[in-house]
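Single-structure report; data block below.
The values are calculated or read from the model by the stated rules, or taken from the named source; none is laboratory data. Since the model is a prediction, treat every value here as computed from it, not as a measurement. Please note: Cβ atoms are built from the backbone with ideal geometry, for glycine as well, and neighbour counts cover all protein chains shown.
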Amino acid sequence: MWEKSRRNILFTIISAVTLILSLTGVLENVLPFDIAWVAIVLCGIPIVIGSVTALIREHDIKADVLVSIALVASICIGEYFAAGEVALIMAIGTLLEDATASKARKGIEKLIDLTPKTARVKRNGKEEIIPTDDVKIGDIIVVFAG
């Protein structure tokens, strides 16, 4: 997971730099193609492949399908910078979504770690401390204040 995340961050950074170069036109006379193609390939192709795969396998229509249409349409009319920009924005969104989900997952794991391992139950008039897995329906659980 971490390796994929590192790769996505690297692709996003490279794409951002190439889009800035495309916008400024610095490499216009040096390269035979618009440098925005780098962003389209690095960030756009995974989006298109993922959306087509989800559409075929799961009949799932999400925002990625619309983004793929926008990418293809932009390329068809020669707006390579716009296509790269759309791909970059989606890549940044994916990175933010992954980071947020990871943070939420870690928070939930911390909450789970806070659950007690033992319980104080009252059986036959006596209090016993037992593992929480041994608590049965009908047991009276003793809870102290605080």
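Conditions: (1) in a helix (DSSP H, G or I); (2) modelled with pLDDT under 95; (3) over 20 Å from the mean Cα position of the chain (by Cα). A82 meets all but one. Number of the miss?
Answer for A82: the failing condition is (2).
List pairs: first residue in the stretch 70-84 and charged (D, E, K, R), second residue modelled with pLDDT of 95 or more anywhere in the structure, Cβ distance under 8 angstrom, at least six positions apart or on different chains.
Every condition considered, no pair remains.
Filter the stretch 103-125 down to the residues that are exposed (fewer than 10 other Cβ atoms within 10 Å of the Cβ), among the basic types (K, R) and not in a helix (DSSP H, G or I) and list them by number.
Result: K117, single match.
Being surrounded by fewer than 15 Cβ atoms within 10 Å (Cβ to Cβ) and over 19 Å from the mean Cα position of the chain (by Cα) is the filter here, so list the residues in the stretch 36-57 that pass it.
I56, R57
I'd like to verify a number: residues in the stretch 62-91 that are exposed (fewer than 14 other Cβ atoms within 10 Å of the Cβ) and within 24 Å of D34 (Cα to Cα), how many?
Going residue by residue through the stretch 62-91, those that are exposed (fewer than 14 other Cβ atoms within 10 Å of the Cβ) are 62-63, 66, 69, 72-73, 76-78, 89.
Those still in the list that are within 24 Å of D34 (Cα to Cα) too: 66, 69, 72-73, 76-78, 89.
Counting residues in the stretch 62-91 that are exposed (fewer than 14 other Cβ atoms within 10 Å of the Cβ) and within 24 Å of D34 (Cα to Cα) gives 8.
F33 versus (1) assigned to a helix (DSSP H, G or I); (2) among the aromatic types (F, W, Y); (3) exposed (fewer than 11 other Cβ atoms within 10 Å of the Cβ): which is the lone unmet condition?
Every condition holds for F33 apart from (1).
Could you grab the pairs with beta carbons closer than 6 Å, sequence gap of 6+ or different chains, first residue in the stretch 116-132 and within 13 Å of V143 (Cβ to Cβ), second one outside any strand (DSSP E or B) and acidic (D, E)?
V121/D139
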